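Visitor: I have a structure I would like to understand better, so I am pasting it below and will then ask my questions one at a time.
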Amino acid sequence: MTIPNAAASVAPSASAQTKPMVSFEGVIKRFGGTGGQPAFTALDGIDFSVSHGAIAGIIGRSGAGKSTLIRLVNGLEKATSGKVVVDGIEVGGLSETGLRDLRRQIGMIFQHFNLLTSRTAFDNVALPLEIAGVDSQSIKAKVGPLLDLVGLGDKANRYPSELSGGQKQRVGIARALATDPKLLLSDEATSALDPETTQSILELLKRINAELGLTVLLITHEMEVVKTIATDVAVIDKGRIVEAGSTFDVYANPAHETTRTLLASALALPEWLRSGIKRSPSAGDRALVRLVFFGETAFQPLTGRLVAELGADVNILAGGIEEIGGKPFGSLVVSYSADPAVIARAEKFYAETGLKTEVLGYVA
Ligand SMILES: Nc1ncnc2c1ncn2[C@@H]1O[C@H](COP(=O)(O)OP(=O)(O)O)[C@@H](O)[C@H]1O
Ligand SMILES: [Mg+2]
């Protein structure tokens, strides 16, 4: 399925176009530091922005600061210094009333869904409307179509315990949309789901982004999630953004070590191979290399030529053609002898053909 570029389909006003939906300006967040304990710096100078209509991903390992970052957006945490601005409003400067208004414009979904077990799907979705003081007639008119939108029209009276993980997250999404937010925050929303369910939830988020023009900011530790739906990505490591750009560019040309590691973990490499990867070669080792093919570049002829160029000694270990940001993108993991003469032949071939490559490491 091809989803049109949401940013282009939303057609925001001229001022909205120049002003991001979310921006972080020199944001520092420290925890603790009271009673003589040293403070812990969870976010260490974040500069990053999300444009209107985008699906932006922030990816990083556990403990990198992702949840803290996203909680600053709806004011659940306050920055120690720097600014978090949502659609022109500085979150840190808001009163309690201001924060309540802001939160109505921001939906959020979570890894563990956070549904109320004593309420049906309908009543879970209705909750934010009840809190906002909406009358029951209007609630009915709103919740039904939302359940239809997420594909749960027939599950209105089911309790969370009667729903699968994917269905629970659909209820979570419908609830997040109840107050017509302009921004949706997702904190590891698919991390508790199996790969197939993950894909269906990501498709739903894509559709909501395209149809409702909702900006999505999602955080995840899974490259697969970013690759599937994010138009833009930032990589966070130890409280700092170490790399950011269009998903396609970052995926094709990872500049930072953390990005490479996250990418490598998303490659479908068998565990025995992955766990045996070394940083430098010993005599007799093989180089493990990821080849990247752009656009319409013919995949088959190039791999054929590589094999011919290097001799019979190329193993193809993983790979395929995918689509990132609507552009075809091929990726292939191969291994061949790390003998300097073979490496030199390979490098000459890459230079001649313009193939992008990344040495993942060396294996025995
Ligand atoms: N309320 C808090 N008090 C103290 N430390 C915290 C608090 N919240 C998060 N941290 C610390 O900040 C770091 C980043 O946490 P978090 O943002 O949850 O990371 P992530 O979501 O990327 O796994 C972690 O080391 C965590 O222990
Ligand atoms: Mg987290």
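Visitor: Please give the charge dipole size of the range 135-182, origin at the Cα centre, charges +1 on K and R Cβ atoms and -1 on D and E Cβ atoms. Round to the nearest 20 debye.
Guide: Details: 8 positive and 5 negative charges, 25 e Å.
Taking the Cα centre of the range 135-182 as origin, the dipole is about 120 debye.
Visitor: With θ taken as phi - 60° and the coefficients 6.51, -1.76 and 1.60, list the Karplus ³J(HN,Hα) couplings across the range 198-209 in order, rounded to whole Hz; mark glycine and proline as x.
Guide: Per-residue couplings from phi come out as 3, 4, 5, 5, 5, 4, 5, 5, 4, 5, 4, 4 Hz.
Visitor: What percent do you get for the relative contact order of the range 212-364 when only Cα pairs under 8 Å and 6+ apart count?
Guide: Working: 218 pairs, mean separation 42.4, N = 153.
Relative contact order, the range 212-364: 28 percent.
Visitor: Next question, about the same structure. Cα centroids of the range 230-301 and the range 133-199: how far apart, whole angstrom?
Guide: Their Cα centres are 34 Å away from one another.
Visitor: I would also like to ask the following. Could you give the nm distance between label points at Thr357 and Glu271, where each point is 7 Å from its Cα heading toward the beta carbon?
Guide: 3.1
Visitor: With springs connecting C-alpha atoms under 10 Å apart, model the chain as a Gaussian network and identify which of Ser23, Ser265, Ser138 has the largest mean-square fluctuation.
Guide: Highest fluctuation of the listed residues: Ser138.
Visitor: Can you tell me the 0 to 90 degree angle between the C-alpha axis of helix 136-149 and the longest principal axis of the chain, rounded to 10?
Guide: Value to nearest ten degrees: 10.
Visitor: Taking the Cα centroid of the range 20-79 and of the range 304-347, what is the distance between the two, rounded to the nearest whole Å?
Guide: What the calculation gives is 39 Å, centre to centre.
Visitor: Going toward the positive end of the dipole of the range 271-363, with +1 on Lys and Arg Cβ and -1 on Asp and Glu Cβ, which of Tyr336, Ser275, Pro301 do you reach last?
Guide: Highest projection toward the positive end goes to Ser275.
Visitor: Taking only C-alpha pairs under 8 Å that are 6+ residues apart, what is the relative contact order of the range 8-253 in percent?
Guide: Numbers: 465 pairs, mean separation 67.6, N = 246.
Across the range 8-253, relative contact order equals 27 percent.
Visitor: Rounded, prolate or oblate: which fits the range 271-363, taking a ≥ b ≥ c as square roots of the Cα gyration tensor eigenvalues, rounded meaning a/c under 1.5, else prolate when a/b beats b/c? Don't jump to the answer; show the numbers that get you there.
Guide: Working: a/c = 2.13, a/b = 1.37, b/c = 1.55.
Oblate, because a/c is 1.5 or more while a/b does not exceed b/c.
Visitor: If amide hydrogens are placed 1.01 Å from N in the peptide plane, which non-local residues have theirs closer than 5 Å to the one on Gly82?
Guide: Here the answer is Ile28, since their amide H atoms fall under 5 Å of that of Gly82.
Visitor: Next question, about the same structure. Determine, for each peptide in 139-146, 280-287, the mean count of other beta carbons within 10 angstrom over its residues, then list the peptides with the highest first. Before the final figure, lay out the partial values.
Guide: Details: 139-146: 16.1, 280-287: 13.4.
Ranking the peptides 139-146, 280-287 by packing returns 139-146, 280-287.
Visitor: Taking the beta-carbon count within 10 Å as an exposure proxy, list His256, His52 from fewest neighbours to most. Before the final figure, lay out each step's value.
Guide: Details: His256 15, His52 23.
Ordered from fewest to most neighbouring Cβ atoms within 10 Å, His256, His52 come out as His256, His52.
Visitor: Follow-up. For Cα pairs less than 8 Å apart in space and 6+ apart in sequence, what is the mean separation divided by the residue count of the range 99-196, i.e. the relative contact order in percent?
Guide: On the way: 135 pairs, mean separation 49.1, N = 98.
Relative contact order comes out at 50 percent.
Visitor: In sequence order, what are the phi-derived ³J(HN,Hα) couplings for the range 242-247 according to the Karplus relation 6.51 cos²θ - 1.76 cosθ + 1.60 with θ = phi - 60°, rounded to whole Hz, with x for glycine and proline?
Guide: So the J values, rounded to whole Hz, are 9, 6, 8, x, 5, 4.
Visitor: Cα axis of helix 257-266 to longest principal axis of the chain: angle in degrees, 0 to 90, nearest 10?
Guide: 90
Visitor: Now for a different question. According to the square roots a ≥ b ≥ c of the eigenvalues of the Cα gyration tensor, what is the shape class of the range 123-195, taking rounded for a/c under 1.5, prolate for a/b larger than b/c otherwise, and oblate for the remainder? Working shown, then result.
Guide: Working: a/c = 2.15, a/b = 1.40, b/c = 1.54.
It comes out oblate by the Cα gyration axes.
Visitor: Using the per-residue mean of other Cβ atoms lying within 10 Å as a proxy for protection, in what order, highest first, do the peptides 83-92, 167-176 fall? Present the calculation step by step, with values, prior to reporting the outcome.
Guide: Values: 83-92: 17.4, 167-176: 25.3.
Packing order, densest peptide first, comes out as 167-176, 83-92.
Visitor: Based solely on its DSSP helices, what 222 nm [θ] is calculated for the chain when runs of n ≥ 4 H residues each add -39,500 (n - 2.57) and the sum is averaged over all residues, nearest 500 deg cm²/dmol? Don't skip to the end; give the middle numbers.
Guide: Details: 14 runs with 136 residues, N = 364.
Result for the chain, helices only: -11000 deg cm²/dmol.
Visitor: Please list 3J(HN,Hα) in residue order for the range 348-360, calculated via the Karplus relation 6.51 cos²θ - 1.76 cosθ + 1.60 where θ = phi - 60°; whole Hz, with x for glycine and proline.
Guide: 5, 4, 5, 5, 5, 9, x, 5, 8, 9, 9, 7, 7
Read-outs: derived from the displayed coordinates by stated rules, not from any lab. Fair warning: this is a prediction, and the values are worked out from it, not measured in the lab. Ideal geometry is used to build each Cβ from the backbone, glycine not excepted, and the neighbour counts take in all protein chains shown.
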